[in-house]
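Q: The following block contains the structure, expressed as structure tokens.
The values are calculated or read from the model by the stated rules, or taken from the named source; none is laboratory data. What you see is a predicted model, and the numbers here were worked out from it, not measured in a lab. Neighbour counts run over all protein chains shown; Cβ positions are idealised from the backbone, glycine included.
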Amino acid sequence: MRAVPLIAVALAAGVVVGVLNTARSHQPPASSPDLAAAPAAVPDTPYGVGKAPFAHRASTSCSASACHGAGAVGKVGSEHSTWAREAVPAETSDPHAKAYSVLFNPVSVQMGKALGIKEPHKDARCLACHAVDSAKEPETRDQILSEGVGCGGCHGPADKWIAEHTLPSWQTRSNQSKWTEFGFVPTKNLVARTLNCATCHVGDGERDMNHDFIAAGHPRLAFESARFHFQPDYRKHWTEKGDARSFEVRLWVIGQAVTLRAAANLLHARATRAEKNDKDTPWPEFSGFSCYACHQKIGDPAIRGSACETKRPAGMPGWEVWSNTAVDIAARSCGLAFPGLSSPKLLEVEKLRTLMESKRSPAPATVAKQAKNAMAELDRWLAELQAAEDRGASSVSPDAPRVIANRLATNALSKDGKKLADHDWDALAANYLGAAAMYHADGGANAAKTWSEPLLRVRDSLRFPPVKAGVFNSPADLDQKKLNLIRDNFEFLRTRTGLPEGK
Amino acid sequence: MNLSARTVLLALAGVILGLAVALAASQFERPVVVDVPAHQPRKEDEATVAKRQPVGMSGCLAASCHGAPAEKVLNGERGDDCWQSSGSCWAAADPHTAAYSLLTDNPRRESKVKATEIMAKYSPGTKATDDARCLACHTNPALAHPALIPNANARVLREQGVSCEACHGNAGAWIQPHTAWKGDRKEVYEKTGMRPLYDIGERALACAGCHVGAPAEHGMPVRDMNHDMIAAGHPRLAFDFAEYQRRLPQHWQEKDRSRTTDKGVTRNEAKVWYIGRVAHAEAACKLLEDRAKRSENDPRTPWPEFAEFNCASCHHNLRLPEGDPDGVGADWRRSEKYLAGRPLGSPPWQTIWPMTFAPGIETPKRDKSPLAGMVLAMETPRPAKAKDAGAKANTTVAELAKLRRELVAQSDAEVENTSRAHFPKGAPRVPELDSASQLFFGLAALEYARGKPDADTVKKYRDGVAAFRSLDPNDKWSSTEKKWKNLMGALDALLLRPR
């Protein structure tokens, strides 16, 4: 009954707006109209980013047998036991538990020597990611350090929430309040979780594993959220919410957004330091570019991607090919992973790419500015994704993984489908890994048999040559023949994941 | 009396004082320096340069001028009449004849990559024969000025490739005077724009103009074959003046124009090599300065320009740190000896041994080489500012030019001794392609300085160099290990021979 006057008001308002619009329509609009106003509840930035201003606690605060240390690996109440390698000797454990101890091994010592770092286990640059370094009191600090990336590394500094999180009232708090007021990282929200992973696995303003480190022997960073969650040597101490298919699709989409956001953030930090002529900040920073853009064979024109439609100008390494390749597909497929969400337009991101690839080493100040714009754009998207996650694990349609895999296969190919869109190993790997995540989302070997074949072939072609003594740790044999094979199989994959005839 | 006695005394005192002053002055006088008769380039305005019109090779190749039968010259006989067949010799056998054709679809020499393939990536839609950057080195650079590109007459002349005037200078102003030399020959060269190629340092610079690169000057466009072109498929430049010159069909008789004699001379190849290295470094620094300057305003000129750096410093495959297949050490790139103060992860600037330090070779040390400051400016401050690097290049060019002129004036023996001092005594383990091939070229020059080597030795060198060129720099230390070891063996044998 009351709907009638409301409709009348709405109609009247519509007429007024329409008249106003007609009156204005002779003039171009001063700004583009907002097509769909974002719900007021979604902030511009996701929570869980940055550093919570609270103290860390040692993991012993968590590992009481009545809390998270019950000793039954894989069971609720035994999270710490599952995480720690000492508690239960097993072939797999959580690699984060070893993060600090690896700083003592010969490779780390050698690396330190090359970099002029006397003791890697005492150096702030190493500890930034290999441990949780925050306590002032020496004994507490040593204890927390020795745990590697312990509980607080991912869950946030526990000082303020350790008591609180056992109370029933904790369950009623919003994730936002858990983070802002207590410094607790709500890891069940995949956006908050992945953003937290990326601080180390990509880097941020305080954590920078750059080309100097890689030259000294540190492995490169190649974060792929969906893949990392299913590492064979990773012993999970929690179970995921929602069905397996939805989880994998959500995680992949979120992972793409987060990885690029972290890369833009790192670029911003580096550009800002370079702008101030910081002598320890190389510019351009090579680790921001695809490794194998430079570390590739030369001599034979056939291996320079002549038969590919790579868009970059010749001679220009690609900026963050790893995190840029599939993000547009993730943006396009946003609604598939989170029904109801619209796809973001990544215009600032595109501008940043153009800037980074149009002129080598553009002015750091220009880069810093554009990186910030791109980050803000990605943050708005991430805030939307985060809000959607908080509304509950979405349920994706059974068709979604196949559709996304199809888009990724298409993404790997040129417009006419006859060539590869980008011959860079990172680009090929990003498309492959996305498709592989979708394959698992679709039930893996049990359910998606039709596309396992091309996918496995792409994987085999992307594999580095076998590691014998002193031989390569890079795609040294990625030649035109292999590229052709990869192209053929991406096409094969596209066909296999395409809609059946007549649909 | 008294007055005259005083006058005499005063005069005497004056004389003594004067003598003392003169003596003291002579003590402080600078030691005798050799006057350098080498060519001193002078600043020329563009208008003067523009007046020197090109003539084209048909102006030189008349039978009574430089177009006589070249049989003798091609067989290695170079007498006083050598000049008569210089043009025919060039036309018959010189690789520079093919330079222009390489830009077309019908190259006269076999090449791995066609110009059209390169242009498809470098500048889609542009023909190489219309592009100033390509023409600048593939023909007479003076004909590659952007304003001359649409000119039909210029096109006809350009088709002659890197012909007479590309090296000797546009002949418009000197074609008459050079047929009947009168007065000071050196002065005519300077006034008319005929390049003083008799000065071995100037000659090396002329070659380096294309084989290394040069800024736009004297009516010529910029000559800069950069990383963008290499990425599009152009081969890299790996120049050694002495080696390249020896491989040319020599159409001239070496003469020392700084003396009055018109007789032919034999150049000392060690001197030629050493001066060539200095001129190479000079050209490289000059190009660097120009690149730095252009990068400030021209968005197409990148900075850092990757072609400034050693190719293999980036283009090498990545390895596991544990690997050390043949004792050279897969980890040599991280070794203290190789880095020698360069920050890890920062690419090394190009090797121009012995003007720069070269990995695996003891002399010169990184901080003692003539280019130590330049190398430091390019490798150590990160970000390496274009302005600072350019300024350093500018002062380095002046230092090198001075050194080059001094060397030209020095005796053969003197320069040969200087160059010999750089060579390792034993058998070095040179872990890297550029330093190894440059060492090879230097050794070859020393060998020739001893007199023309026998056919066997020549073959050994040529095989060595050919093997270097066919080596894949990426997996030299594993899959082509055996080949590499043989090469090092050849190098050992040469180094250990008595000198």
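Q: Have a look at B:ARG246, B:ARG236 and point out the one that is among the basic types (Lys, Arg), in contact (Cβ under 8 Å) with a residue 24 or more places away in the chain and assigned to a loop (DSSP other than H, G, I, E, B).
A: Among B:ARG246, B:ARG236, only B:ARG236 is among the basic types (Lys, Arg), in contact (Cβ under 8 Å) with a residue 24 or more places away in the chain and assigned to a loop (DSSP other than H, G, I, E, B).
Q: Oh, and also: Select from segment A:341-362 the residues that are outside any helix (DSSP H, G or I) and in contact (Cβ under 8 Å) with a residue 60 or more places away in the chain and list them in ascending order.
A: Residues satisfying the conditions are A:SER342, A:ARG360, A:SER361.
To keep it simple, each residue is scored yes or no on (1) more than 14 Å from chain A (Cβ to nearest Cβ); (2) more than 16 Å from B:MET57 (Cβ to Cβ); (3) at pLDDT 95 or above.
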residue	(1), (2), (3)
B:LEU157	yes, no, yes
B:GLY183	yes, yes, no
B:CYS210	yes, yes, yes
B:ALA231	no, yes, no
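Q: Is there a residue in segment A:383-396 that is basic (Lys, Arg), more than 26 Å from A:PRO317 (Cβ to Cβ) and assigned to a helix (DSSP H, G or I)?
A: no
Q: Further question on the same structure: Could you tell me how many of the residues in segment A:167-181 are basic (Lys, Arg) and in a helix (DSSP H, G or I)?
A: Of the residues in that region, 1 qualify.
Q: Taking segment B:189-230 only, how many residues are outside any loop (DSSP other than H, G, I, E, B), over 20 Å from the mean Cα position of the chain (by Cα) and crowded, with 17+ Cβ neighbours inside 10 Å?
A: 4
Q: Of the conditions (1) within 25 Å of the chain's Cα centre (by Cα); (2) within 26 Å of A:MET209 (Cα to Cα), A:LEU115 fails just one. Which one is it?
A: (1) is the only condition that A:LEU115 fails.
Q: Among the residues in segment B:211-218, are any in contact with a Gly (Cβ under 9 Å, 6 or more places away or on another chain) and of a type in the set (Asp, Glu)?
A: No - not one qualifying residue is present in segment B:211-218.
Q: Would segment A:309-324 turn up any residue that is crowded, with 19+ Cβ neighbours inside 10 Å, assigned to a helix (DSSP H, G or I), modelled with pLDDT of 90 or more and among the β-branched types (Val, Ile, Thr)?
A: Yes, segment A:309-324 contains at least one residue that is crowded, with 19+ Cβ neighbours inside 10 Å, assigned to a helix (DSSP H, G or I), modelled with pLDDT of 90 or more and among the β-branched types (Val, Ile, Thr).
Q: Across segment A:120-154, what is the total count of residues that are among the acidic types (Asp, Glu) and modelled with pLDDT of 95 or more?
A: Qualifying residue count, segment A:120-154: 1.
Q: Which one of these does B:THR396 not meet: (1) closer than 24 Å to B:HIS227 by Cβ; (2) away from chain A (no Cβ under 13 Å); (3) at pLDDT below 90?
A: With (1) closer than 24 Å to B:HIS227 by Cβ; (2) away from chain A (no Cβ under 13 Å); (3) at pLDDT below 90 applied to B:THR396, the lone miss is (3).
Q: With farther than 16 Å from A:LYS51 by Cα, crowded, with 20+ Cβ neighbours inside 10 Å and among the β-branched types (Val, Ile, Thr) as the only criterion, which of A:ILE162, A:ILE144 stands out?
A: It is A:ILE144.
Q: Filter the helices (runs of 4 or more DSSP H) completely within segment B:37-113 down to those with at least 2 residues that are out of contact with any Gly (no Cβ under 6 Å at 6 or more places or on another chain), at pLDDT below 90 and not acidic (Asp, Glu).
A: B:46-51
Q: Another one. Just the residues that are under 25 Å from A:ALA84 (Cβ atoms) and either assigned to a helix (DSSP H, G or I) or in contact with a Pro (Cβ under 7 Å, 6 or more places away or on another chain) (or both), please, taken from segment A:110-123.
A: A:PRO120, A:HIS121, A:LYS122
Q: Now for a separate question. Which ones in segment A:192-231 are touching a Pro at 6+ places or on another chain (Cβ under 7 Å) and among the small types (Gly, Ala, Ser)?
A: A:ALA192, A:GLY217
Q: Still on this structure: Just the residues that are away from every other protein chain (no Cβ under 13 Å) and either free of Cβ contacts under 8 Å to residues at least 24 places away in the same chain or surrounded by fewer than 19 Cβ atoms within 10 Å (Cβ to Cβ) (or both), please, taken from segment B:112-130.
A: B:GLY125, B:THR126, B:LYS127, B:ASP130
Q: Are there any helices (runs of 4 or more DSSP H) wholly within segment B:329-423 with 1 or more residues that are over 30 Å from A:ALA271 (Cα atoms), without any contact (Cβ under 8 Å) to a residue 40 or more places away in the chain and among the β-branched types (Val, Ile, Thr), and if so which?
A: Those helices (runs of 4 or more DSSP H) span B:386-409.
Q: From the list B:GLU269, B:GLU282, pick out the single residue that is more than 14 Å from chain A (Cβ to nearest Cβ) and under 19 Å from B:GLU447 (Cβ atoms).
A: Only one candidate passes the filter, namely B:GLU269.
Q: Cβ-Cβ distance below 6 Å, separation of 6 or more or different chains: which pairs start in segment A:275-288 with a residue that is more than 8 Å from every other protein chain (Cβ to nearest Cβ) and end on one that is crowded, with 23+ Cβ neighbours inside 10 Å and of a type in the set (Lys, Arg)?
A: Close Cβ pairs satisfying both conditions: A:GLU285/A:ARG270.
Q: Then there is this: So is A:ASP422 assigned by TED's automatic domain parsing to the domain that holds A:GLU285 and either at pLDDT 95 or above or under 30 Å from A:HIS268 (Cα atoms) (or both) or not?
A: yes
Q: Does A:ALA368 fit the bill of being of a type in the set (A, V, I, L, M), within 14 Å of chain B (Cβ to nearest Cβ) and more than 30 Å from B:MET229 (Cβ to Cβ)?
A: In short, yes.
Q: For the condition of a type outside the set (Lys, Arg) and within 14 Å of chain B (Cβ to nearest Cβ), what is the one hit in A:PRO344, A:PRO362?
A: A:PRO362
Q: Right, something else. If you check A:PHE492 against the conditions, is it assigned by TED's automatic domain parsing to the domain that holds A:ALA409, modelled with pLDDT of 85 or more and either within 15 Å of A:ALA429 (Cβ to Cβ) or in contact with a His (Cβ under 6 Å, 6 or more places away or on another chain) (or both)?
A: Judged against the criteria, A:PHE492 is not a match.
Q: Continuing with this model, one more query. When you look at A:VAL253, is it buried (at least 24 other Cβ atoms within 10 Å of the Cβ), more than 9 Å from chain B (Cβ to nearest Cβ) and under 28 Å from A:VAL73 (Cα atoms), yes or no?
A: Spelling it out, it is not the case that A:VAL253 is buried (at least 24 other Cβ atoms within 10 Å of the Cβ), more than 9 Å from chain B (Cβ to nearest Cβ) and under 28 Å from A:VAL73 (Cα atoms).
Q: I would also like to ask the following. Step by step: first the residues of segment B:156-188, then only those that are among the small types (Gly, Ala, Ser) and assigned to a loop (DSSP other than H, G, I, E, B), then the one that is farthest from B:ASN140 (Cα to Cα). Which residue is that?
A: Checking each candidate, the answer is B:GLY183.
Q: Then there's this: So is A:PHE54 modelled with pLDDT of 90 or more and more than 30 Å from A:TRP179 (Cα to Cα) or not?
A: For A:PHE54, the condition - modelled with pLDDT of 90 or more and more than 30 Å from A:TRP179 (Cα to Cα) - is not met.
Q: Return the total of residues in segment B:340-381 being farther than 17 Å from B:ASN310 by Cα and within 14 Å of chain A (Cβ to nearest Cβ).
A: 1
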